[in-house]
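Scroll down for the structure; my scribbles are underneath it.
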Amino acid sequence: MSAPHLDHPFSGAFPELVHAAQAEEQPDPQLLLLNESHARELGLDPDWLRSPDGVSFLLGHGGGPTVAMGYAGHQFGQLSPRLGDGRALLLGETAGREIHTKGTGPTVFSRGGDGRGALGPMLREYLVSEAMHALGVPTTRGLAVLSTGRRIQRTGVVPGAVLVRTAASHLRIGTVQYARLLGVDGLVERLCTYARKRHYPEASTHEGFFRAVMAAQSATVAQWMRLGFIHGVMNTDNTTLSGETIDYGPCAFLDRYDPAMFFSSIDRHGRYAFRNQPAILGWNLARLAEAMLPLFDADENAAVDKAQGAMNDFPGVWEQAQQRELARALGTADTGIGQRWLQLLAEHAPDLTTANRLLVDDPGALAEIVGSEWVADWQSLDPEVPAHPHHIPRNHLLHEALRDAESGDLGPYLDLLAVVTDPFTDHGPAYRGPAPEGFDESFRTFCGT
Ligand code: AMP
Ligand code: MG
């Protein structure tokens, strides 16, 4: 078989937003992980992907045009006008999914970085994104991880790796900001039209597109909140237009329900703490509205009014998304019981995943944690049995598995991957409980660099 045919609609339509770039040669590439079922969904033959030509293809040497995409972004509230793919290339797309390879060497957007990926963070993104997919959360997917044979410099010297992922698109709020900052006539409009037709064909106007992004992102972040997921770097360049979760760097999951929790070592002030995620989404959407402003109406004042009007609807849209997830979590749409549940979680700070499972398995035991009054009231509503996972990628388990992988033993990582990609089956207590006392305090994930 020869290399699969990929389409290049984005780089074809938006030469202003991409730079042609070549993947570097890797000294000793080894395919460590291949997502065979996802490969098949894409129409790619897993056996071919395992061949030397397939490995070349995954590393960006398949012969087609490869590009680095430009984007801007507010990072921790500060605008960086030119970020872009500093260590990733868009290979093209097939079956409606863009294929992106991350860690393939410097591009014009590298800003001094080496353009490479470290094994730990690449394995981390693969596992967490596949867990999120299995949990039903819109997300980019992991297609493959390859070690490169390089030793790269981070806090120490670590093995280099490449992650191949797919996405509905890699368009971000930061892509629209970048297009706006370039100042090319009509570019923002063409970009938003492309994104609308691709992701929200039911929307017929730019305002409809903006509102669709708001609804999709709200639905995604509401799922994060139900599962206790903390993204860690909700910058505008890490917020997609499609609504998929993207860029798993210093992400983590709550064990104990502490809404103020944040983990990222680079998030000194807790801007992206668990409880702030809905408000930050609103802030990011406001940056999208600014970047799109002229598209809301040809008349400047009317455009401001319409953008403001759409933003004024965000609290209601968020509220609805949150209610939907609470109703799923509790098996009842009763809003009073849902609000009390959130209060009790904050008050008693149980392990969130365990508490959710007790709703299914043992309401009596749950009563010992959150009190019998709420449980009795909840049961009197005759709720449906909700679906809750037994397993999330527990921070401490992933941490240990990555440490083993970095020292050459992929076994524990593969075991954990099998568990978290089948999260509704009980794989036993070893994968179930929260981190040991004291772990959270010392645990600071490192940005995915
Ligand atoms: P991320 O934290 O992965 O979302 O990346 C933020 C920005 O930094 C993006 O523009 C990345 O392309 C860039 N970046 C991250 N790591 C590297 C690296 N090792 N070399 C070059 N650019 C990088
Ligand atoms: Mg990013």
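A short reminder: the numbers here are calculations on the coordinates, not readings from a lab. What you are looking at is a predicted structure, and each value in this text was computed from that prediction instead of being measured. Here Cβ is always computed from backbone atoms with ideal geometry, including for glycine, and neighbour counts include all displayed protein chains.
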Notebook entry, point to check: Whole-Hz Karplus ³J(HN,Hα) for region 118-129, in order, using 6.51 cos²θ - 1.76 cosθ + 1.60 and θ = phi - 60°, x for Gly and Pro?
Noted result: 9, 4, x, x, 5, 5, 5, 4, 4, 5, 5, 5
Next item on the list: Show the residues, 5+ positions off or on another chain, whose built amide H is closer than 5 Å to the amide H of ILE152.
Entry: VAL158, GLY160
Note to self: Compute the distance from the alpha-carbon center of region 412-434 to that of region 155-201, in whole Å.
What the structure shows: 33
Margin query: Taking loop as defined by DSSP and a crowding limit of 13 other beta carbons within 10 Å, which GluC sites (Glu not before Pro) in region 25-97 fit?
Written below: GLU25
Notebook entry, point to check: At HIS348 and GLU16, where each label point lies 7 Å from the Cα along Cα→Cβ, what is the point-to-point distance in nanometres?
Noted result: 5.7
Note to self: At 10 °C and a viscosity of 1.306 mPa s, what translational diffusion coefficient does Stokes-Einstein give for the chain, taking Rh as the Kirkwood radius over Cα pairs? Give it in µm²/s as a whole number.
What the structure shows: 70
Margin query: Can you sort THR193, THR239, THR148 from fewest to most other Cβ atoms within 10 Å of each residue's own Cβ?
Written below: THR193, THR148, THR239
Next item on the list: Determine ³J(HN,Hα), in whole Hz, for all residues of region 19-33 in sequence, where each value follows from phi through the Karplus function 6.51 cos²θ - 1.76 cosθ + 1.60 and θ = phi - 60°; x replaces Gly and Pro.
Entry: 10, 4, 8, 9, 6, 6, 6, 10, x, 8, x, 9, 6, 8, 9
Notebook entry, point to check: Got a sec? How would LEU17, LEU181 order by Cβ neighbour count within 10 Å, fewest to most?
Noted result: LEU181, LEU17
Margin query: If Rh is defined by the Kirkwood formula over all Cα pairs and Rg also comes from Cα, what ratio Rg/Rh do you get for region 9-167?
Written below: 0.95
Item checked: Placed amide H near SER80: partners under 5 Å, 5+ positions off or other chain -> GLY73, HIS74, GLN75
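Taking neighbour counts of Cβ atoms within 10 Å as a proxy for exposure, in what order, fewest first, do ILE230, ILE173, ILE369 appear? Each step should come with its number before you reach the end.
Numbers: ILE230 25, ILE173 28, ILE369 16.
The order, fewest Cβ neighbours first, is ILE369, ILE230, ILE173.
Calculate, for GLU290 and THR335, the FRET efficiency according to 1/(1 + (r/R0)^6) with r their C-beta to C-beta distance and R0 41 Å; round to the nearest 0.05. Walk me through the numbers on the way to the answer.
Values: r = 33 Å, r/R0 = 0.80.
FRET efficiency, GLU290 to THR335: 0.80.
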Item checked: Estimated FRET transfer efficiency when R0 is 41 angstrom, pair THR425-GLN30 (beta carbons, to 0.05) -> 0.85
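Please give the length that would be gained between ASP299 and ARG82 if that part of the chain were fully extended, namely 0.36 nm times their separation in residues minus their C-alpha to C-alpha distance (nm, one decimal).
On the way: separation 217, 0.36 × 217 = 78.12 nm, distance 2.91 nm.
Value of the extension gain: 75.2 nm.
Let me check against my output: what whole-number percent is the relative contact order of the chain, with C-alpha pairs under 8 Å and at least 6 apart? Don't skip to the end; give the middle numbers.
Values: 855 pairs, mean separation 64.4, N = 449.
Relative contact order comes out at 14 percent.
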Check: Each residue of region 299-304 in turn: what ³J(HN,Hα) in whole Hz from Karplus with 6.51, -1.76, 1.60 and θ = phi - 60°, glycine and Pro shown as x?
Finding: 7, 4, 5, 5, 4, 4
